[in-house]
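The values are calculated or read from the model by the stated rules, or taken from the named source; none is laboratory data. Predicted model only: the values in this text are computed from it and were never measured. Neighbour counts are summed over all protein chains in view; Cβ atoms, including those assigned to glycine, are modelled from backbone coordinates with ideal geometry.
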Amino acid sequence: MELRERVYYPYFRGKQFELLAVRELAPLMAAANFVPIIEPVRESLTGLRRSLDAIKDKGGRAFVVTNPRHGHFSDDRGTIKSLTDSYQESGSILPGVILHSDLDTDEAVHLTQNVQEGGAIIHDGFTDGRAIKDHLAGHRGHLTNIFQDRQVGLLYRSQFQNMESKLVILQDGFNQQRNADYPAVELFSDLHATYQDRGLSGYGDYLTVGNQYTEGGGPAYAVAIHLTYIDRAGLNEMQVLHFKSDSNDTPTDPAGKFAQALTKLADYVTSQESQVTRTSAVEEFLDLHQRRHFPGLGYVKKLSMKHHVETLAQFHGSSS
């Protein structure tokens, strides 16, 4: 696959199966020139280092948030900054900072001073955009300004329009609900097809997990498997399918619930009406169905995320 302009910035948090997805996707993301954003949330950095090493070794690039809002490092900015500094010579792992509503102007400006050339600023609720713009006017390095769509208005974003930086929208296309309440299919996003029309350099999303952060889930009354696809029969919008279990009255037998949802997935993706890309993740779902194996719900989430990234890599590859 030939190297293309960086257009897609998937947002991962540093949970076990999200980091496994990053590591397994490293060759694909490097080839497609996708740039993952990783917000570390777990105390152990072993999995994060392995994922970052995989990205570096495959010639890819990633942004690592040095001031996470969630998890173990939310009050510790130094540890993750030291981690990204250790990759500085490679030029592949770059720092990013989140500018959120809890920061005052001095704190926000100080954070942006720590973003080296090629790094990222994630605008997520901070309101004094003019102060950041004035500070960045003297910044000689090329940066990526990433705007959380639901937290940043058009007027704020427009201040950065004529700067020497990439402009990226980060949109949460996944409508989180109770598993039993998901519709069969719903709109995910059209940013993959419209970001250039909006004057953007690229776009990002929170994959099939969503932006809402939770430390851990309770017992699952229902199991849902989420698969995105590009509606090529329509306007190339991205839709998300939700394959749900049927016996959802008690939290018992998650393996049986998974089997119910997986059977629906297998029936659909092998049907003539399916528009789901037969990614490596989908092939693994079909293998699980054939073997009647339940790998655990974290593993299922990992496959769903992998499929999402693989689908967008195929879309941008065929579009180019």
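Is it the case, given these coordinates, that His192 is in contact (Cβ under 8 Å) with a residue 12 or more places away in the chain, under 22 Å from Glu310 (Cβ atoms) and in contact with a helix residue (DSSP H, G or I) (Cβ under 7 Å, 6 or more places away or on another chain)? Step through it out loud before you land on a result.
Numbers: in contact (Cβ under 8 Å) with a residue 12 or more places away in the chain: yes; under 22 Å from Glu310 (Cβ atoms): yes; in contact with a helix residue (DSSP H, G or I) (Cβ under 7 Å, 6 or more places away or on another chain): yes.
For His192, the condition - in contact (Cβ under 8 Å) with a residue 12 or more places away in the chain, under 22 Å from Glu310 (Cβ atoms) and in contact with a helix residue (DSSP H, G or I) (Cβ under 7 Å, 6 or more places away or on another chain) - is met.
To keep it simple, each residue is scored yes or no on (1) of a type in the set (Lys, Arg); (2) assigned to a loop (DSSP other than H, G, I, E, B); (3) within 27 Å of Asp149 (Cβ to Cβ); (4) assigned by TED's automatic domain parsing to the domain that holds Ile146.
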residue: Val41; (1), (2), (3), (4): no, yes, yes, yes
residue: Ser44; (1), (2), (3), (4): no, yes, no, yes
residue: Gly71; (1), (2), (3), (4): no, yes, yes, yes
residue: Ile98; (1), (2), (3), (4): no, no, yes, yes
residue: Asp102; (1), (2), (3), (4): no, yes, yes, yes
residue: Thr112; (1), (2), (3), (4): no, no, yes, yes
Handout entry: Wholly enclosed strands (runs of 3 or more DSSP E) of the stretch 181-246 bearing at least 1 residues of a type in the set (Ser, Thr, Tyr), out of contact with any Cys (no Cβ under 7 Å at 6 or more places or on another chain) and at pLDDT 95 or above
Key = 185-189, 202-205, 224-230
Handout entry: Every residue from the stretch 134-154 that is at pLDDT below 90 and outside any loop (DSSP other than H, G, I, E, B)
Key = Asp134, His135, Leu136, Leu143, Leu154
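Yes/no matrix, rows are residues, columns are (1) over 18 Å from the mean Cα position of the chain (by Cα); (2) crowded, with 17+ Cβ neighbours inside 10 Å; (3) more than 25 Å from His110 (Cβ to Cβ):
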{"position": "Val35", "(1), (2), (3)": "no, yes, no"}
{"position": "Gly47", "(1), (2), (3)": "no, yes, yes"}
{"position": "Asp53", "(1), (2), (3)": "yes, no, yes"}
{"position": "Thr66", "(1), (2), (3)": "no, yes, no"}
{"position": "His70", "(1), (2), (3)": "no, no, no"}
{"position": "Asp76", "(1), (2), (3)": "yes, no, no"}
{"position": "Ile80", "(1), (2), (3)": "yes, yes, no"}
{"position": "Tyr87", "(1), (2), (3)": "yes, yes, no"}
{"position": "Ile93", "(1), (2), (3)": "no, yes, no"}
Completion exercise
Ser245 fails exactly one of (1) touching a strand residue (DSSP E or B) at 6+ places or on another chain (Cβ under 7 Å); (2) farther than 26 Å from Gly71 by Cβ; (3) among the polar types (S, T, N, Q), namely (1)
